[in-house]
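The values are calculated or read from the model by the stated rules, or taken from the named source; none is laboratory data. This one's a predicted model, so the numbers in the text were calculated from it and none came from an experiment. Here the Cβ is made from the backbone with ideal geometry for all residues, glycine too, and neighbour counts use every protein chain on show. With ligands, DNA and RNA removed, areas are computed over all heavy atoms of the protein, side chains included. Shrake-Rupley method; radii C 1.70, N 1.55, O 1.52, S 1.80 Å.
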Amino acid sequence: MHIQRRRVLAALAAGIGLHSALREALAQTSAAQGIRTVKGEVKVNGKPVVVGGLVRPGDTIEIGKDALATFVVGDDAFLMRSNSRAELSGSGTLVAAVQLVTGALLSVFGGGEHRLSTATATVGIRGTGAYMEAEAWRTYFCLCYGTADVTATRVGARESYSTRHHDAPRYIYGDGRPRAIVPASVSNHTDAELVLLESLVGRTPPQGFMDSPFKY
C-alpha cells in the first residue's frame, strides 16, 4: 500500500485532523443512508434533523452558523459547512443535480453523470470528488478527482478537463468580466475529508488520487 495512503487511512482511523463530528460519522456503519453527522442547526425542508434522518432528491438542506452535516443519498456522499443551503434533484435515491444556493459543499459521487450549479456556474461531472463554494458574484470549484465540464453561466465561457488530485481549482465569475474562469488555489477542504466521504459509501478515492502525495 502506498505510504501516503497508509498515512491518511491511519489518520482517519485515529480521527487525526478531523472534527469530532466527522469522527463520529466515520465510526458508523458504512453505506447507511441519510444524515450521518449533525453539528449545530441542520434542517431538511425547513425541519430540524438528527442522525439517521433521510435525505432524498427533491429535498433542501440548510446548515446554520457554525454547523456541519454529512449525509448519504444513494451512492453519493456530501459534507456541508456553516451557512450553506443546497437543493437536490433526481429520482428515488439517484441525485442527478445539486444546486448550491450559498455556502460550501464537498461531494463524492458514484457512477453516472451529475450536475452541480450555483448562481454563476454550471458543472457537469463524471466519477468525481468535488468541492464548491457559492457566492452571489463568483463560485469556487475544485475538481478533486474525475472529469468536469465547467461553464460560466453569464458569459458562456467553458472549460473541460480531468484531474487526479486537486490539479485545477477555479474561480467562476458572474460579474460580466471577459475572462470568467480563472485559476485558483486549493482551499477549505482536505484529502482526509474526501477519504472519509468515500468511506461512508464503502469506497476509497481513485488510485491516482491515493497514490498522490497528500498535501491538503
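Identify, please: which residue in segment 99-115 is within 17 Å of Val73 (Cα to Cα) and in contact with a Ser or Thr (Cβ under 7 Å, 6 or more places away or on another chain) and is, among those, most open to solvent (accessible area, probe 1.4 Å)?
By that ranking, first place goes to Arg115.
Going through segment 100-120 one residue at a time, which ones are assigned to a strand (DSSP E or B), at pLDDT 95 or above and farther than 16 Å from Cys144 by Cβ?
If the condition is that a residue be assigned to a strand (DSSP E or B), at pLDDT 95 or above and farther than 16 Å from Cys144 by Cβ, then Val101, Thr102, Gly103, Arg115, Ser117 are the ones that fit.
List pairs: first residue in segment 137-151 and part of a strand (DSSP E or B), second residue of a type in the set (Ser, Thr, Tyr) and at pLDDT below 95 anywhere in the structure, Cβ distance under 8 angstrom, at least six positions apart or on different chains.
From segment 137-151, the pairs are Leu143/Thr128; Cys144/Thr128; Tyr145/Thr128; Gly146/Thr128; Thr147/Thr128; Ala148/Thr128.
Which pairs have Cβ atoms under 8 Å, sit 6 or more apart or on different chains, and link a residue in segment 32-54 that is farther than 22 Å from Val201 by Cα to one that is open to solvent by 80 Å² or more (accessible area, probe 1.4 Å) and assigned to a strand (DSSP E or B)?
Glu41/Pro48
Within segment 121-157, take every residue that is among the hydroxyl-bearing types (Ser, Thr, Tyr) and either under 18 Å from Ser89 (Cα atoms) or open to solvent by less than 10 Å² (accessible area, probe 1.4 Å) (or both) and give me the one that is modelled with the lowest pLDDT.
Thr128
Taking the criterion of being open to solvent by less than 70 Å² (accessible area, probe 1.4 Å), among the basic types (Lys, Arg) and either modelled with pLDDT of 95 or more or not in a helix (DSSP H, G or I) (or both), would at least one residue in segment 71-90 satisfy it?
Looking through segment 71-90, at least one residue is open to solvent by less than 70 Å² (accessible area, probe 1.4 Å), among the basic types (Lys, Arg) and either modelled with pLDDT of 95 or more or not in a helix (DSSP H, G or I) (or both).
Please pick out the residue among Arg177, Arg203 that is open to solvent by 30 Å² or more (accessible area, probe 1.4 Å), assigned to a loop (DSSP other than H, G, I, E, B) and more than 30 Å from Val51 (Cβ to Cβ).
Within the list Arg177, Arg203, the selection yields Arg177.
Does His189 count as touching a helix residue (DSSP H, G or I) at 6+ places or on another chain (Cβ under 7 Å) and open to solvent by less than 70 Å² (accessible area, probe 1.4 Å)?
In short, no.
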